[in-house]
Structure formats: C-alpha cells, structure tokens
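Below you'll find the structure, written out as structure tokens, and then a few comments.
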Amino acid sequence: MNSKNQVESTLKEILEVLKPLHEDWVTRFKIINELREVVQSIENLRGATVEPFGSFVSNLFSRWGDLDISIEVSFGQCVSSAGKKRKQTLLGELLRALRKQGGWSRLNFIPSARVPILKIVSKWQNISCDISIDNIQGEIKSKFLFWLNEIDGRFRDMVLLVKEWAKANGINNPKTGTFNSHSLSLLVIFHFQTCVPPILPPLKDIYPTNVVDDLTGAKVDAERRIAQVCSSNIARFKSSTSRIVNRSSLSELFISFIAKFSEINLKASELGICTFTGRWEYIANNTRWLPRTYAIFIEDPFEQPENSARAVGQKQLVKIAEAFEMTRRILISANITRNTLLPTLVGPQTSRFLIRKHPTVYSNSNYRYYPNTPQVHRVVQSPLQTQYHLWQPQYKNSRPSTSQMQHQGPRMVPLTPKPQSQFARMRVPNGPSLPNHQFQKPNPSVPQDQVQVQVQPQIQRARTEGYNVKFGTRRPHQVQHNQGQMWRPKYDK
C-alpha cells in the first residue's frame, strides 16, 4: 500500500471510531431530559427551556464530545439576555440543585468567565456538560455550522479528524493557551475556502452581514430570517454552473490542511484568518481588528470582530506550528505505516478502539467495530434544538448523478419553528439510523409507550420504550451516496 492510500485508509478507520453511535445520541438526550427536570424544580427557573447547542447541534461531535447547554430564561418572545450578574445568580442556584439531587460529578462554577458557565460531568458515559444562560449566539453559530454540511459532507469528516489530531498533539485546550474547538472548525472552513478549487464560499456569500447583529426582535422571526437567507444562498452556490467541483480525497484534504498551517506562527504576525471574506487579511489594514493585538487572529465570522483564538499565547503558537510541521513530515514520508500514523493522529481514548491488526470484528462490552465494512458517509440528522422542528426530509423524484452526490451531505433547509416539545424516550430497534427529532405531538389518549417516532424513509420506524437497551452489538445503517436520494425543502405548516 503506497503512502497516500495508507493515509486515506487510516483516516477512514479513525472516522469509523469517532462518529457517534446510537447510544451516544440517546445518552445525550437522556442528560438533557434530566437537566430539564432539575431546572423546572428551581423556583427562579420555572418555565425556562433547556436547549443544546455546540457540536451536538452542528453534528460535529465525536463519541466522547462534550455537551453544551443553554438555559433560556427569556420568557418573552423577543430576543433578550439576562445580565451577567443575573446569570451568575441563576447558575449558582442550579449548582446547589444539582448537588442536592446527586448523580453529577466534578461540578465547577466559573462565574468570572466572559460567559458565566457551570461545568458538570454526567453519570451517563461521563459526558462533560457546559451550562450557560441565554446563549442564543452559541445556538445560531451551531446551526450555521450544521448548514455548511449541506454543501459538502467532507466538512464534517475533516472537523472530526482535525479535532482529534489537535487533542492528540495537545493543542486543543484554551486553558493552556491553545485552540478551542470553534477555532479549529474555522480553520477547516478556511482551508475549504482557500483550496483549489474551493469547496466552500466566503461566508459573506452565505450570510452577508454579522449574524449576531440580526438577532433582534422576535426570536422565532429572527432565526427564521437568518435560516431562509442561508438556505437560499447555499442553494445558489451549489447550483452554480460556473463552480468547479473539488474532488480531492479525504487524505489529500487533510495533508494539504496540515501543510497550509505548518508555518502559522510566521504568518500570524501580519496576517489574520478571515472566513467571512475567505482569505488571509493584513491585520494592519483591518480597522476592525485594531488596536488589539493577539498571537494569532482567527475572526469569528458570526460575531465580528471577535477573535475566536484570543486565548492562544505566543509561546503556545510556536508549539502549535511545531505540531503542524511534525505531522506534515510524517504524512509525506516514504515508508509510512498505520502504526506510525496513529500516535500522531489520535489520542489514547480513541486509540483503544483502533487495534493493531484488522480482524473481522473487534468488540468489547460497550462497542463493536467492523474494520472491514465499506467506508461511507453516514447520513444523519442533527437535533437542532428541541423546541424547533427544523428539518423534514422529502425526496426528489428525479435521480441525481453520481457526481452530484459524491461529496454531498444531506440537503436540508429550515422549516417553520414550532413550540418546544419534550424529548421522546427513544429505543432504536435493530439498525435504524440516528434518531430523527421530528416527534409527533403527544396525544393524551394514546399511552406514551405507543407513541411513534418519524424516522428517515429508508430506515425502520422507531418506537419509544425507555433506555434499558443493549446497543453494543448494533451498528447503525450506513446510507450510500449513490442511492439517488436528496433532501428537498418542505415547510411545516
């Protein structure tokens, strides 16, 4: 096997381990439901809603990814946010309630953070949760990243691989002066914008203004306006006849990504990374970024001119550049093997699932891995917040060409928001895809254990029966791109 094929094979093998299984989704739903019960038990939070955001909503989380939660205390219809002192008070009350209930560990309240946050660890799979108050900016950013998957399915794969690689090399922790996960996602976006031919457009072509500035007025209307603009512009970009399709393999994209930023410490003194314009920008010429100085500037396109990499220090930037350069040398070496790649690409937690040899099936009590299964993208549907039924699949009658489907993720556009509904307790029968989140309205005359859950057409129908199911021996169905089915917009009435 030549070096290129070895890198490609290893990256796909890593992805099969990183991508969440059914129990990973269901466990997070269970955590959200438990947090909702605790929140409703607090007098000052009665009526508040518990909303997931971050990588869980953007569908960019791994099996061991954290869960970001926003508690919405804005009881009116208009976009608003509690003051910082009010947020600190409410999170303090939640901390006391969680301690009283039990079942949560490593409770850590950080009131002095830019956004006050309560960190906890759930008893379910030891998943870490970061809880904030009225984090509507985080919610809309998460949705925006999810929509980028509509343009190209390789975006999700690259984000998962880059996050794992950064963790393995100790450069994915803002507490130690390195990148946060959002910055790493922006680096992948920038790479997709600047590769030849580009895979993603400048983000100003998807949404022409600062997203957070348009979060005004009625929250439902504001989010609908933003979603409709993004959907229209994404469709225009994808249908452009002048666009040249980038057909680079995953290994080619990953190697070029590492090479692009291998001298990031040298460029960062003069150039900033701007995904809004899709190009390197001279810091001295950008009045929005002055007079503040940072070791590296990665502008947050959704909250301009904020620097998403403001925590990175000068010394740590050198460490980051060294990690890029060291990995670049390994990836282009002549006698590359799987065993030389893995220590550079994955951390200890992931490497436990990557065995040295390739038997037909490797399993332990919680996981079964099929290394010989054909590597394909799994078409999955992200929660996109419990209070909205944002996505509903409908297939076109015409069959798209293989070239159209090759690197395309699920085509989805927003539907009309609906009031919040409780998470259904889902049991996934043998082999359905990830749970679809368009739950039917509860009918008081029908017992809850008979409520049906609508899932993707090519997947069996799920039913709600609780969580005491052994998932370890079940593997999600994988949907081939060449099945000729695409997502089509359909608005919920």
Segment Ala334-Glu252, extension gain: residue separation times 0.36 nm, minus the distance between their alpha carbons | 28.0 nm
The range 1-153, dipole about Cα centre (Lys/Arg Cβ +1, Asp/Glu Cβ -1), debye to the nearest 20 | 660
Based on the mean of other Cβ atoms within 10 Å per residue, sort peptides 188-195, 12-19, 243-250 so the most packed one is first.
-> 188-195, 12-19, 243-250
Dividing the Cα radius of gyration by the Kirkwood radius, what Rg/Rh value follows for the range 1-54?
-> 1.37
Counting DSSP beta bridges with both ends in the range 11-152, the antiparallel % (nearest 5) = 75
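Take the alpha carbon gyration tensor of the range 276-339, find the square roots of its eigenvalues, order them as a ≥ b ≥ c, and report rounded if a/c is under 1.5; if not, report prolate when a/b exceeds b/c, else oblate. Let's see the in-between values first.
Values: a/c = 3.00, a/b = 2.28, b/c = 1.32.
It is prolate, given that a/c is not under 1.5 and a/b is the larger ratio.
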Beyond 32 Å between alpha-carbons counts as too far, so tell me which of Lys19/Lys204; Lys30/Lys315; Lys119/Lys143; Lys167/Lys219; Lys30/Lys167; Lys85/Lys260 fall in that bin.
-> Lys30/Lys315; Lys167/Lys219; Lys85/Lys260
Using label points projected 7 Å from each Cα along Cα→Cβ, tell me how many nm separate Thr293 and Arg236, to one decimal.
-> 4.0
Taking the C-alpha atoms of the range 115-212, how large are the radius of gyration and the largest Cα-Cα span, Dmax, in Å?
-> 15.3, 46
Just going by the charge dipole of the range 1-102, with Lys and Arg at +1 and Asp and Glu at -1 on Cβ, which of Trp25, Gln6, Leu67 is farthest out on the positive end?
-> Leu67
Compute the Cα gyration tensor for the range 214-291, then decide on rounded, prolate or oblate, letting a ≥ b ≥ c be the square roots of its eigenvalues: rounded whenever a/c is under 1.5, prolate when a/b is larger than b/c in the other cases, and oblate in all that remain.
-> oblate
For the range 128-248, with only Lys/Arg (+1) and Asp/Glu (-1) charged at the beta-carbon, what is the dipole magnitude about the Cα centre, in debye rounded to 20?
-> 360
Expressed in angstrom and rounded, the centroid-to-centroid distance over alpha carbons for the range 214-256 and the range 259-319 is 23
Grab the alpha carbons of the range 1-100, take their convex hull, and tell me the volume per residue in Å³.
-> 146
Using the per-residue mean of other Cβ atoms lying within 10 Å as a proxy for protection, in what order, highest first, do the peptides 175-183, 52-60, 133-141, 2-10 fall?
-> 52-60, 133-141, 175-183, 2-10
For peptides 35-47, 160-172, sequence by mean Cβ density within 10 Å, most packed first | 160-172, 35-47
For the range 161-257, what does the alpha-carbon gyration tensor say about shape, rounded, prolate or oblate, given a ≥ b ≥ c as the root eigenvalues, a/c under 1.5 as rounded, and a/b over b/c as prolate?
-> oblate
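No value in this document is a laboratory result; all are computed from the given coordinates. It should be emphasised that the depicted structure is a prediction, and the values quoted were computed from it without experimental measurement. Note that we place each Cβ from the backbone using ideal geometry, even for glycine, and neighbour counts take in every protein chain shown.
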